[in-house]
Each structure stands twice: as C-alpha cells, then as structure tokens.
Amino acid sequence: MAKKSLCDDCSGLCCRYFALPIETPDDWDDYDDIRWYLCHRDITVFVEDGDWYINVKNKCRHLRDKDHRCTIYEKRPKICRKYHTKECDLTEGEYDYELHFTDDKQMEEYMKIKFDNNVTEKRKDKQRAQKKARKKVKK
Ligand code: SF4
Ligand code: SF4
C-alpha cells in the first residue's frame, strides 16, 4: 500500500490561490494603486518580512473538486513540485503578517492615517521653522 501523505487529508489548500511579490509602495499614488487592486473580489494584499505581496484567491483549474487531487500531477509546474508539506499551508498554521488588507476600504483607512499624520507632521515642522525664523528676526 502506498505511504499515506498529509495531502491525502487536505482539501488542496495550496492549490487555491497564488501570491506574487509587488513593489513596496512609497508615495500616495503607489498606495492608491494597491487600493485599486483591493477593489477587486478575491484579492488581498499582505506584508511579510517587509515585503509586499498580492494574493489572488483563485483555485487552480487542475484541482479536482471531488477528491482535491491534482489532475496533471505528473506534469505539474515546477513551482508545485518545489512545494513541500514540511512548510505548507496545512502545516505552517496561521500566517503572521505585518499587514493584511482584505479590501479597498481597509487601505483607504490606512492611507488616511498614514498620510494625514505625515501632513500633520509636515505642518508642525513648518510651524516650528516659522517660529525659529521669527525669533531670529527679533534678535
Ligand atoms: S502541500 Fe500542504 S497545503 Fe498543499 S495539499 Fe499538501 S498538505 Fe495541503
Ligand atoms: S497544477 Fe496541480 S499541484 Fe499545481 S496548483 Fe494546480 S492542482 Fe495544485
């Protein structure tokens, strides 16, 4: 009898999405582009170890519904071949993301806080600089 694998009792968790690295956002426009990704269904964006990723929740067309097996196992892409149960979606447990956005609303809130704070800081810096300049003039 063939040795039982962890995958035998899994619903093919790793075949139900893919994630791709994206550029780390820098300014408001970059964040707004990510907000646009997040307007789409089944898209999430997460940050892990400082790197940003887009996650597309979309089942592989070769994952069989009835038993969650790969129907092209012998010629599956190398990215699937390299994936091991030692560190997989079933065995790794919950992800520990630094940031995780599941829709555009969350990004909107994040941008509001991030950029409003920056604006406030800049405004304070400007006021401080003006105060200093006024003091110098008085001397
Ligand atoms: S590699 Fe892990 S997540 Fe993928 S099917 Fe096997 S047990 Fe499930
Ligand atoms: S090709 Fe097979 S192993 Fe690879 S994601 Fe699709 S179902 Fe999973």
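Every number here is computed from the coordinates shown, using simple stated rules; none is lab data. Computed from a predicted structure; not experimentally measured. A quick note on method: Cβ atoms are made from the backbone with ideal geometry, for glycine too, and the neighbour counts reach across all protein chains shown.
What to note about this one:
- Per-pair calculated FRET efficiency, R0 = 35 Å: residue 73 and residue 48 via Cβ, rounded to 0.05: 0.75
- Computed FRET value (nearest 0.05) for residue 6 with residue 105, which takes r as the C-beta separation and R₀ as 35 Å: 0.45
- Residues 43, 22, 113, sorted so that the one with the fewest Cβ neighbours within 10 Å comes first: 113, 22, 43
- Stokes-Einstein diffusion for segment 10-104 at 37 °C, viscosity 0.692 mPa s, with a Kirkwood radius from C-alpha pairs, works out to 220 µm²/s.
- Taking Cα centre as origin and charging only the Cβ of basic (Lys, Arg, +1) and acidic (Asp, Glu, -1) residues, the dipole magnitude of segment 10-96 rounds to 1220 debye.
- Rounded to the nearest Hz, the phi-derived 3J(HN,Hα) couplings of segment 18-31 under the Karplus curve 6.51 cos²θ - 1.76 cosθ + 1.60 (θ = phi - 60°) are 9, 10, 10, x, 10, 5, 5, x, 10, 10, 4, 4, 4, 5, where x marks glycine and proline.
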